[in-house]
Structures are given as C-alpha cells and as structure tokens.
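The values are calculated or read from the model by the stated rules, or taken from the named source; none is laboratory data. Please read these numbers as outputs of a predicted model, since none were measured by experiment. Please note: Cβ atoms are built from the backbone with ideal geometry, for glycine as well, and neighbour counts cover all protein chains shown.
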Amino acid sequence: MNATFTSAGQKLSGPSGIQELMEDLGQALSGDPAMRMLGGGNPAAVPAVQAIWRERISEMAANGELDRALGNYDPPGGNPRFRELFADFLRRECGWKVTAKNVVVMPGGQTAFFYLFTLLAGRRKTGAKKILLPIVPEYIGYANQGLDEDAFIAMKPLIDEMEGNVFKYRIDFDRLKITPDIAAICLSCPTNPSGNVVDATDLQRLRSLAEEHGIPLMLDQAYGRPFPGAIYVDWSPVWDEHMIISLSLSKLGLPGTRTSVIVADEKYTLALANMNAVVALANGNLGQQIVSPLLKGDSLIQLSNTVIRPFYEAKSLSASAHLHDCLRGRADYALHASEGAFFLSLWVKNLPIPASELYQRLKKRKVLVVPGHYFFFGLEEDWIHRHQCIRITYSQSDQAVNEGLEIIADEIAQVTAKG
Ligand SMILES: Cc1ncc(COP(=O)(O)O)c(C=O)c1O
C-alpha cells in the first residue's frame, strides 16, 4: 500500500474483488480465447438484441443524431428530453408517479452507487452512519465503495434448504434492527450473485421499515424489471419517494455505453446530478440516444419479455441441470434457486479448501469463477459459509458454460475426495 496516498485513495486504489474480477474478464476477452469466462457479469451477445443496436446506430449515423450525440455535452443529470421520455415510460409501464425530476442519468450503476454511498455512508457531524445490507451475499461491486472505512453493516441470511440440492437465502427479519447509525437499506434484486429475488411481502416489510425510520431503501434492479427482464419469477416493480431505484442499460447488451438511471426523490436526483458535474462533467450520451425511440412505445418491454428473459431463463435452466448432473453423488452441495440475473450460486458444504483456493485451481484449468468470500462484506464475524460458495456466470456460449461446469465439478470432486 502506498503511504503517500490518502486513506480514501488507498481504499479505492488497493486490490479489491471487483478489480480482480474485471481484470480477469478483460484478460480473458483480449488475451486468452481458451479461457472459459464464467466469472464476470458481462451480458451475453444475444443476436436479436445486437441487431437492434446496430440498426439504431446506422439510423443515428444517417439522420444526424450521432453527430449531435457525439459532439455535445449533456447537462450533468442527463439529457432533458431523455429524462422526460424515461419518466413517461415509467409512468406508463410501471404506474410509478414520477416526473423528469425523479429521474437522473448516471455513468453506469457502479458510479451511481459510488455517489449514493458517498452521499449517505460515513462520518458526519452527528456521528458515523452505515448502509445496511439486509441480506448477504450481495454485489461485489459495492464492497470497496464509500470514502470512509466500513461503509456497510450486513445481516446473515436464513438458509432454506429444499428438495433436489437447492437452497434459498431469506432475510432474517427477527434480527433486522434499524439503529440510529443506519443511513439507508440497500439490496440488489435479482441479487448478484445468488439469483435471489426478494418477494413482494419481504419487499413491503423493507419499504415499511425504511419509511418508519425516515431512511431510503435502495433497490438495484440491474437485471430485473422493467428491463432487461432477466427475472424468472412473478415480480412487479414498485417505487415511492422513500425508494432509490437503480436501472441500467448494461444488461440490455449496452455495457459499453456506461449508462444507468436512478429514480428517486428530487433531493437525491439533484444531489447526484451535482456530484456528477464535479466528478465527470456529464454522462456519455450515446446510450440515451440509442434507446430513446424504444422508450416511446412498449418495444423495450417487449424486447425484455420476449427475447432477453427467455434467452437467460433457458441458459439458467440448462446450466443448473448440467451442474446437477455433473455434481450429484460427487459432493455435498446445493445450488441457489435461480430466480433471476445471470449466475449460479454454488454452495459446497464439504469443501475442504477455501473458495479462493478453488478459484485459483480452476483458473489454472482455464475456468474463471468468482470465489464467494467477496460477496459477504459487512458481516461483523467471519462465517464458514462464505468460503464454501462460488459464483458461476452462465451468459457465455453453451459450449464454454458446459465445459466450465464439467471442470468445476471435476475439481470439486477431486478436492472433496482428498479432503
Ligand atoms: C447488481 C449490480 N449492480 C450494479 C452493477 C453495475 O453495472 P453498470 O455500472 O454496468 O450499470 C452490476 C454489474 O454487473 C451489478 O451486477
């Protein structure tokens, strides 16, 4: 660690789980075609979706939209016309009572959460506050965020075990306490890494707790509804002024545009736009321009429901079935119920080595996964469970996924047999 850097500088520039994951992903994409990329959260190349983005870019090049988008800075909260269109879309498709003032464009969900955690977590005149994660495992990309130390306090989940080597995490509401040092509640839904979806009853309980304590409930819908629709259970998007919702264009197949939207009370959208001016001046405007026409009718919803959801749901089903076939009888394991997102969360109960070592062994065999310990940040005590889990992404080609799963099962069978 470089002592010439500030504490915040050291926190952000030091090694981290998300940095390791993104390095792995970048190296596999650019340097090693043999590597099976079951690690990062890159969306799949879905041909029907790619065709739509290609067509839009040709249209934009022909009608002058591209020149206008490339050649101009937008205001820091996003293009005013896009914000209007987006608010109309949310009112129409989700029934949310929002205006353009409740919508702010950000340079990706990752940056939006950095701004939000910086706004809310950390020292202030009245004492330090933290973000409560009501359930972990939670998104690795939050872990090193916030400028102060320890931005998070997390709750261990309950684990429901079901027939057929399946389990599901649930929020332990009996232990969930909102103390005065909690600045906000935050969760991703569907959850990265587990694929868990918090049901309507539990979501309502979190909303009531947030409202009762006058704190926001942040809900990260990077995979869910209204788009991109990688959610395989019934679930209706809800919003009220106590909620801060994050939506992103990334999992629609546009991660390269670095565009997301936060939907929140105006006090937050204004603060985020102002922070964006200081940190980034403006957002990239290509993503906003590309999707704008799809916001006008129901084509974004159609694309999500009829192309993206079936694509990922089929991949989830086939990857889960293949992994069960490969592991059954060879290890004491369970797979998290796959209710959304792009991942399988594998729990090997009799794993004799930490998941970080399993990750290294698999990397040597040209399979990238993410070891579980990274997803359990904010817990006050260590928990053996976090070293028994790995996250496996199934968005790549069926061949890469199936070969990767076979190698994962083989390695687990070897280490548990020796164990
Ligand atoms: C749960 C979750 N939130 C946020 C992000 C950040 O996405 P982006 O910055 O591309 O919008 C990701 C990316 O994988 C994610 O999985």
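If I go through the range 183-231 residue by residue, how many of them are among the aliphatic types (A, V, I, L, M), in a loop (DSSP other than H, G, I, E, B) and under 18 Å from I153 (Cα atoms)?
Residues of the range 183-231 that are among the aliphatic types (A, V, I, L, M), as a first pass: 183-185, 187, 197-198, 200, 203, 206, 209-210, 215, 217-219, 222, 230-231.
Then keep just the ones that are in a loop (DSSP other than H, G, I, E, B); that gives 197-198, 215, 222, 230.
Filter once more, keeping what is under 18 Å from I153 (Cα atoms): 215.
Number of matching residues: 1.
As an exercise: evaluate T126 against (1) within 14 Å of the ligand (Cβ to nearest atom); (2) among the hydroxyl-bearing types (S, T, Y); (3) out of contact with any helix residue (DSSP H, G or I) (no Cβ under 9 Å at 6 or more places or on another chain) and give the number of the one condition it does not meet.
Result: T126 passes all but (1).
Of the conditions (1) of a type in the set (A, V, I, L, M); (2) more than 10 Å from the ligand (Cβ to nearest atom); (3) over 24 Å from I185 (Cα atoms), L254 satisfies every one except a single condition; which number is it?
In the conditions (1) of a type in the set (A, V, I, L, M); (2) more than 10 Å from the ligand (Cβ to nearest atom); (3) over 24 Å from I185 (Cα atoms), L254 misses (2) alone.
Is it true that some residue in the range 377-384 is among the hydrophobic types (A, V, I, L, M, F, W, C) and surrounded by 15 or more Cβ atoms within 10 Å (Cβ to Cβ)?
Our first condition is that a residue be among the hydrophobic types (A, V, I, L, M, F, W, C); within the range 377-384, this holds for 377, 379, 383-384.
Imposing the further condition that a residue be surrounded by 15 or more Cβ atoms within 10 Å (Cβ to Cβ) reduces the set to 377, 379.
Scanning the range 377-384, I find at least one residue that is among the hydrophobic types (A, V, I, L, M, F, W, C) and surrounded by 15 or more Cβ atoms within 10 Å (Cβ to Cβ), so the answer is yes.
Residues of the range 13-65 being away from the ligand (no atom under 16 Å from the Cβ), touching a residue at least 24 places away in the same chain (Cβ under 8 Å) and either in a helix (DSSP H, G or I) or basic (K, R) (or both), which ones?
Within the range 13-65, R36, A48, Q50, I52, R56, I57, M60, E65 qualify.
Just to be sure, is S246 in contact with a helix residue (DSSP H, G or I) (Cβ under 7 Å, 6 or more places away or on another chain), at pLDDT 95 or above and surrounded by fewer than 24 Cβ atoms within 10 Å (Cβ to Cβ)? Lay out the reasoning, then the answer.
Values: in contact with a helix residue (DSSP H, G or I) (Cβ under 7 Å, 6 or more places away or on another chain): yes; at pLDDT 95 or above: yes; surrounded by fewer than 24 Cβ atoms within 10 Å (Cβ to Cβ): yes.
The answer is yes for S246.
Do you know which residues across the range 76-85 are under 26 Å from the mean Cα position of the chain (by Cα) and either among the acidic types (D, E) or within 10 Å of V105 (Cα to Cα) (or both)? Talk me through it step by step, then tell me what you get.
Just the residues of the range 76-85 that are under 26 Å from the mean Cα position of the chain (by Cα), to begin with: 76-79, 82-85.
Scanning the range 76-85 gives P76, G77, G78, N79, F82, R83, E84.
So which pairs qualify, if the first residue must be in the range 211-235 and within 16 Å of D181 (Cα to Cα), the second must be at pLDDT 95 or above and within 16 Å of the ligand (Cβ to nearest atom), the Cβ gap must be under 7 Å, and the two must be at least 6 apart or on different chains?
From the range 211-235, the pairs are I215/A184; I215/I185; P216/A184; P216/M243; P216/I244; L217/I185; L217/M243.
Select from the range 1-52 the residues that are of a type in the set (D, E, K, R) and closer than 20 Å to I407 by Cα and list them in ascending order.
Answer for the range 1-52, where residues must be of a type in the set (D, E, K, R) and closer than 20 Å to I407 by Cα: D24, D32, R36.
Answer with yes or no whether S356 is under 23 Å from the mean Cα position of the chain (by Cα) and within 16 Å of the ligand (Cβ to nearest atom).
Numbers: under 23 Å from the mean Cα position of the chain (by Cα): yes; within 16 Å of the ligand (Cβ to nearest atom): no.
Spelling it out, it is not the case that S356 is under 23 Å from the mean Cα position of the chain (by Cα) and within 16 Å of the ligand (Cβ to nearest atom).
I'd like to verify a number: residues in the range 269-288 that are crowded, with 23+ Cβ neighbours inside 10 Å and either charged (D, E, K, R) or more than 16 Å from the ligand (Cβ to nearest atom) (or both), how many?
Of the residues in the range 269-288, 1 are crowded, with 23+ Cβ neighbours inside 10 Å and either charged (D, E, K, R) or more than 16 Å from the ligand (Cβ to nearest atom) (or both).
Any idea which of S338, S320, S345 is under 29 Å from G229 (Cα atoms), buried (at least 19 other Cβ atoms within 10 Å of the Cβ), free of Cβ contacts under 8 Å to residues at least 60 places away in the same chain and under 22 Å from the mean Cα position of the chain (by Cα)?
Working: S338 fails: free of Cβ contacts under 8 Å to residues at least 60 places away in the same chain; S345 fails: free of Cβ contacts under 8 Å to residues at least 60 places away in the same chain.
Every option except S320 fails the conditions.
Filter the range 118-172 down to the residues that are in a loop (DSSP other than H, G, I, E, B) and hydrophobic (A, V, I, L, M, F, W, C) and list them by number. Spell out the reasoning first.
So in the range 118-172, the residues in a loop (DSSP other than H, G, I, E, B) come out as 121, 123-128, 134-139, 143-151, 155-157, 163-165, 171-172.
A121, A128, I135, V136, A143, L147, A151, M155, I171, listed by residue number.
I'd like to check which helices (runs of 4 or more DSSP H) are fully inside the range 244-311 and have at least 1 residues that are in contact with an Asp or Glu (Cβ under 8 Å, 6 or more places away or on another chain) and in contact (Cβ under 8 Å) with a residue 40 or more places away in the chain. Talk me through it step by step, then tell me what you get.
On the way: elements: 266-280, 286-296, 299-303.
In the range 244-311, 286-296, 299-303 are the helices (runs of 4 or more DSSP H) which contain 1 or more residues that are in contact with an Asp or Glu (Cβ under 8 Å, 6 or more places away or on another chain) and in contact (Cβ under 8 Å) with a residue 40 or more places away in the chain.
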